[in-house]
Amino acid sequence: MRAAILTLSDRCSTGERADGSGPALRSWLEEHGVTVTCTEVIPDEASLISEKLAAWSDSGSFDLILTTGGTGVSPRDVTPEATERVVDRVLPGFGEVMRAESLKKTPHAIISRAIAGIRKNTLIINLPGSPKGATENISFVWAAVPHAVAKLQGDPEECGTPLSK
């Protein structure tokens, strides 16, 4: 699986603060057998986010794009809206699971607006901006990611796996 990581932060994009979540996600993905071929940091600007997500998805170079940052409620948090503009289909289960699992750890999880969706053959998942939040949240949904990517690439296998008794 080939992945890209897009960090969304005004302060990190200007060098005012170091990006901690992008490198944390890269390490996490590599530990799980994913090849991270591109990382970038850009400011919290909806048009820039949408343009980058569309360009990366349309390039065919990535199976998975993770965004980190911009999923809260501050005025500059625009990642979900920027993502919605470019995806062909939204996958609500990813955000639902991330919020439900995060809520077990912090009451602030309820204000997360992270979404996931598909553009062409690429799965895009929004994650929180903190290194801990980003890696925890990808771990909550990871079991479904390889299957989703395989399906996007045309895997003809049946989706339903019988439960063992």
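What follows is calculated from the coordinates using simple rules that are stated; it is not laboratory data. Not measured: the values here are computed from a predicted model. Cβ placement follows ideal geometry from the backbone for every residue including glycine, while neighbour counts extend to all protein chains displayed.
Here the extension length gained between Ser130 and Leu48 equals 27.4 nm, from 0.36 nm per residue of separation less the Cα-Cα distance. Recomputing percent of Cα pairs over 22 Å apart from the coordinates shown identifies the correct label among (1) 43; (2) 38; (3) 33 as (2). For the stretch 67-122 versus the stretch 128-158, the inter-centroid distance based on Cα atoms is 13 Å. For a paramagnetic label modelled on Glu40 (point 7 Å from Cα along Cα→Cβ), amide N atoms under 18 Å away belong, within the stretch 56-74, to 56-70.
Going by a ≥ b ≥ c, the root eigenvalues of the Cα gyration tensor, does the stretch 65-110 fall in the rounded group (a/c under 1.5), the prolate group (a/b larger than b/c) or the oblate group? It would help to have the intermediate numbers written out before the result.
Working: a/c = 2.45, a/b = 1.33, b/c = 1.85.
In terms of gyration-tensor shape, oblate.
If you place +1 on the Cβ of every Lys and Arg and -1 on the Cβ of every Asp and Glu, how big does the dipole about the Cα centre of the stretch 2-152 come out, in debye to the nearest 20? Mind dumping the intermediate values first?
Numbers: 16 positive and 18 negative charges, 62 e Å.
I would put it at about 300 debye.
Among Arg85, Arg113, Arg99, the largest mean-square fluctuation in a Gaussian network model of the chain, built with springs joining Cα atoms closer than 10 Å, belongs to Arg85.
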